[in-house]
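Read-outs: derived from the displayed coordinates by stated rules, not from any lab. For clarity, every value in this text was computed on a predicted model and none was experimentally measured. In this analysis, Cβ positions are derived from the backbone assuming ideal geometry, glycine residues included, and neighbour counts consider all displayed protein chains.
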Amino acid sequence: MNILDKQSSLDTIYERYLEPQESRPDTGVHGSPRADPWPGQGLDDADLLDKIRRSDNGPKFKPLFDRGDTSEYATGKHDGCSEGDLALCGILAWWTDYDTNRVDSLFRQSKLYRAKWDEKHYGDGTTYGDGTIAKAFSSKRPGDGYQAKRGARAAGFDGAQDKTEVNDDEEPWEPLKDLPDLYPPVPSLPAEMLPEPVRPWLQDIAERTSLPLEFVACPALVALGAVVGRTVGIHPKRHDDWLVVPNLWGGIVGRPGLMKTAAISEATKPLSRLAVDAQEQFERERIKAEVRRERITLEIAALKEDAKRSAKKGGKARDVN
């Protein structure tokens, strides 16, 4: 086994992700003192911002920085504020050679700055602002100069020239690999497993709605179990009167938009119809019982009045059959 010297790679990872920000010197993208010039070198904040406004970045930069306008990044009901924050940090990162403290300072002068910037947004205590800057810096890789195309494109700057520095002492990073599939394949339900009396009905629903057969079969069988109810039981012991009434439970698991509700609604229509019929029958019986109760109440009141009159006259109340 060959043991390779990877200290420089470890240093890069430490400087990017682990080193406290307050301890970082004014360095370039490789962690060493900046020797080569970058677009904003030697400029104070006012001159740098003015230079950005007059550059090719100006059309994207001015709405974000000067007006806080993120409408270009809005989609539907989403206002695009987070995307606007990221785009502004990307532009500032390119012009400051990925200087974290300078980007943070400049962003605080923009119209996009708000209280959320300093709020803790992650489980490790990282603020929203620090997380946004780190994300904007994510296009930077070992060997990328400040004008690397990946960083420039992430910032919305299309006019940058390719100026990539390569350290010949370092071996190239291995290409990214696809993540393993964490979810095993789900087998489909064979139609032969369904009860024969309901098989054609369920197959028809699945075909008409373009739903998997199991999406329809599961709620349908649960509904049938509810109809059977306590009319069927199981004696677990042959010589015992212990009776178990089984309950059938089921559920559909699937991501949003897979028409789970539609499958349940279609498969439980017969049960819903029975429930409606039962409710209507109950209402009819309830009205009849209400009328009968009212009639009995009136008869009792009449008998009481008759008994009072008879008692006053010294007579005998009439018999009640």
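Would you work out if the range 208-280 is rounded, prolate or oblate? Take a ≥ b ≥ c from the square roots of the eigenvalues of the alpha-carbon gyration tensor; rounded if a/c is under 1.5, else prolate when a/b is larger than b/c, oblate otherwise.
Taking the square roots of the gyration eigenvalues as a ≥ b ≥ c, the range 208-280 is oblate.
When ranked by the protection proxy of mean other Cβ atoms within 10 Å per residue, highest first, what sequence do the peptides 175-182, 95-102 form?
So the peptides 175-182, 95-102, ranked by packing, come out 95-102, 175-182.
Quick check on packing: order 234-243, 78-87 by the mean number of other C-beta atoms within 10 Å, highest mean leading.
78-87, 234-243
Which of L10, L224, L202 comes first, and how do the rest follow, when ranked by fewest Cβ neighbours within 10 Å?
Lowest count first: L10, L224, L202.
Mind checking the full-extension length gain between L271 and V291? Use 0.36 nm per residue of separation minus the Cα-Cα distance, one decimal, nm.
4.2 nm
How many percent of the alpha carbon pairs in the range 34-143 exceed a separation of 24 Å?
When every Cα pair of the range 34-143 is considered, 23 percent fall beyond 24 Å.
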